[in-house]
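Chemist: The structure that follows is given in the form of structure tokens.
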Amino acid sequence: MKSNSRVPFQLSSDRARVAPPVPGKGLIVHLCVAVEHWPFDKPLPRRMITPPHGMEPMPDVANFSWVEYGMRLGTMRILELFQRRGVPASTMINASVIDVYPTLAEAMLKAGWEFIGHGFVQRSLQKEPDERAAIVQSLERVRAFTGKPVRGWIGPGLHETVHTPELLKELGVDYVMDWVLDDLPCWITTTRGPLLINPYSFDLNDVVMYAVEQDGSPEILRRVEDSLEVLGREAREQPRVLPIGLHPYLMGVGHRFHYVERMLDALLARPDTVFMTGSQIADWWYGVDRWPG
């Protein structure tokens with residue numbers, strides 16, 4: 001009997017020591033910006049305001065506008081901040097953003113962000129009538145736009161079906177970020193061979209902090225600073241990946257964005273940090289660890 005059928009269990013203390021990607025820099029920061037298309041004429045994946053009068057409005061103008069603010073203003077605040085600080089980032093992008101928000105897609109491409117597959121629109125793979133076709137549509141649209149194969153994937157809502165890892169492996173994806181179970185990359189089994197898991201986080205994720213737990217604006221800074229107390233110490237012996245999940249409609253608003261700036265500056269001030277994209281982390285891991293199966 002196993003804890004699950006996909007990821008071999010291993011205590012963190014039993015993992016082989018690996019060299020950091022840069023000597024002396026064992027704390028790997030991955031800035032992950034989710035850029036999503038929530039169709040105006042469909043039920044929205046998440047709501048800030050509960051509809052009054054027991055109604056289910058369609059269209060849901062109030063909640064659509066909440067997210068659209070992030071597309072219009074929040075994304076550019078984040079993008080321009082990262083450019084000013086000279087840090088790389090990844091966008092977890094619904095492929096339809098390329099056509100619905102073309103100027104935004106062009107801005108992220110010009111900034112050099114890595115494009116990670118995140119579905120075609122913000123809809124769970126478990127709701128897709130043809131999962132393979134949905135993944136192919138997403139990967140092909142991003143590839144056609146960027147001119148590069150899509151190396152990473154994170155499902156909308158981090159959802160998978162029992163077939164998802166095999167489909168991703170078949171379609172040439174190098175890593176997946178749905179499994180938030182370690183601070184280092186690890187391997188997931190598929191019938192077509194091993195697939196890499198890149199770390200992602202619920203704890204350093206603005207959806208959990210602000211949309212679910214409804215914490216105060218400084219929470220992202222507090223959590224990163226508190227995380228560094230432990231991960232920074234551990235990273236002296238074994239590298240640690242610090243993935244930070246940002247959604248522009250949450251972190252791009254004025255009363256929170258100030259704390260994104262402070263968080264980034266605190267990380268940049270440390271001598272032990274290196275900022276990397278998902279593919280850069282994957283390439284580093286391929287060089288230091290082998291599939292254990």
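The values are calculated or read from the model by the stated rules, or taken from the named source; none is laboratory data. Only a predicted model underlies this, so the values are computations on that prediction, with no experimental measurement involved. Neighbour counts are summed over all protein chains in view; Cβ atoms, including those assigned to glycine, are modelled from backbone coordinates with ideal geometry.
A quick yes/no check of all residues on (1) in a loop (DSSP other than H, G, I, E, B); (2) modelled with pLDDT of 90 or more; (3) closer than 29 Å to Val241 by Cβ; (4) of a type outside the set (Ser, Thr, Tyr):
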residue	(1), (2), (3), (4)
Pro8	yes, no, yes, yes
Ile49	yes, no, no, yes
Ala62	no, no, no, yes
Met71	no, yes, yes, yes
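Chemist: What tally of residues in region 196-218 results from selecting those that are out of contact with any Ser or Thr (no Cβ under 8 Å at 6 or more places or on another chain), closer than 26 Å to Arg15 by Cβ and not β-branched (Val, Ile, Thr)?
Modeler: Count: 7.
Chemist: Of all residues in region 10-42, count the ones that are over 23 Å from the mean Cα position of the chain (by Cα) and not in a loop (DSSP other than H, G, I, E, B). Break it down stepwise before answering.
Modeler: Going through region 10-42, the residues over 23 Å from the mean Cα position of the chain (by Cα) turn out to be 10-11, 13-19, 23-24, 40-42.
Then drop every residue that is not not in a loop (DSSP other than H, G, I, E, B), which leaves 13-14.
Qualifying residue count, region 10-42: 2.
Chemist: Hey, another quick one. Only one of these is touching an Asp or Glu at 6+ places or on another chain (Cβ under 6 Å), under 23 Å from His163 (Cα atoms) and polar (S, T, N, Q): Gln126, Gln122. Name it.
Modeler: On the way: Gln126 fails: touching an Asp or Glu at 6+ places or on another chain (Cβ under 6 Å).
Gln122 is the lone residue from the list that is touching an Asp or Glu at 6+ places or on another chain (Cβ under 6 Å), under 23 Å from His163 (Cα atoms) and polar (S, T, N, Q).
Chemist: Give all pairs with beta carbons closer than 6 Å in which a residue from region 198-217 that is without any contact (Cβ under 8 Å) to a residue 12 or more places away in the chain meets a residue that is in a loop (DSSP other than H, G, I, E, B) and of a type in the set (A, V, I, L, M, F, W, C); count only pairs at least 6 apart in sequence or on separate chains.
Modeler: Val208/Phe202
Chemist: Follow-up question, since we're still on this one. Anything in region 109-128 that is in a loop (DSSP other than H, G, I, E, B) and within 17 Å of Pro43 (Cα to Cα)? List them, or say none.
Modeler: First pass over region 109-128, keeping only residues in a loop (DSSP other than H, G, I, E, B): 111-113, 118-124, 128.
If the condition is that a residue be in a loop (DSSP other than H, G, I, E, B) and within 17 Å of Pro43 (Cα to Cα), then Gly119, Phe120, Val121, Gln122, Arg123, Ser124, Glu128 are the ones that fit.
Chemist: What residue, of Glu106, Glu166, is within 18 Å of Ala89 (Cα to Cα) and in a helix (DSSP H, G or I)?
Modeler: Values: Glu166 fails: within 18 Å of Ala89 (Cα to Cα).
Only one candidate qualifies: Glu106.
Chemist: Pairs only if they're at least six apart or on different chains, beta carbon under 7 angstrom, first in region 225-237 and modelled with pLDDT of 95 or more, second of a type in the set (D, E, K, R) and part of a helix (DSSP H, G or I); list them, first residue then second.
Modeler: Pairs found: none.
Chemist: So, one more: Looking at (1) buried (at least 21 other Cβ atoms within 10 Å of the Cβ); (2) touching a helix residue (DSSP H, G or I) at 6+ places or on another chain (Cβ under 8 Å), can you tell me which one Met92 breaks?
Modeler: Only one criterion is unmet by Met92, namely (2).
Chemist: Residues of region 73-93 being without any contact (Cβ under 8 Å) to a residue 12 or more places away in the chain and part of a helix (DSSP H, G or I), which ones?
Modeler: Taking region 73-93 first, the residues without any contact (Cβ under 8 Å) to a residue 12 or more places away in the chain are 80, 84, 86.
Residues satisfying the conditions are Glu80, Arg84.
Chemist: Also, I was wondering about something else. Condition (residue is over 19 Å from the mean Cα position of the chain (by Cα) and either β-branched (Val, Ile, Thr) or over 17 Å from Leu196 (Cα atoms) (or both)) applied to region 112-125: is it met by at least one residue?
Modeler: no
Chemist: Something else about it: Can you find, within region 142-163, the residue that is surrounded by the most Cβ atoms within 10 Å (Cβ to Cβ) among those that are over 19 Å from the mean Cα position of the chain (by Cα) and either of a type in the set (A, V, I, L, M, F, W, C) or in a helix (DSSP H, G or I) (or both)?
Modeler: Checked region 142-163; the qualifying residue surrounded by the most Cβ atoms within 10 Å (Cβ to Cβ) is Phe145.
Chemist: Still on this model: Check Phe115 against each of (1) in contact with a strand residue (DSSP E or B) (Cβ under 7 Å, 6 or more places away or on another chain); (2) aromatic (Phe, Trp, Tyr); (3) more than 27 Å from Leu267 (Cβ to Cβ) and name the one condition it does not meet.
Modeler: (3)
Chemist: Out of region 101-135, which residues are aliphatic (A, V, I, L, M) and touching a helix residue (DSSP H, G or I) at 6+ places or on another chain (Cβ under 9 Å)?
Modeler: In the first step, residues of region 101-135 are kept if they are aliphatic (A, V, I, L, M); the result is 104-105, 107-109, 111, 116, 121, 125, 133-135.
Residues satisfying the conditions are Leu104, Ala105, Ala107, Met108, Leu109, Ala111, Ile116, Val121, Leu125, Ala134, Ile135.
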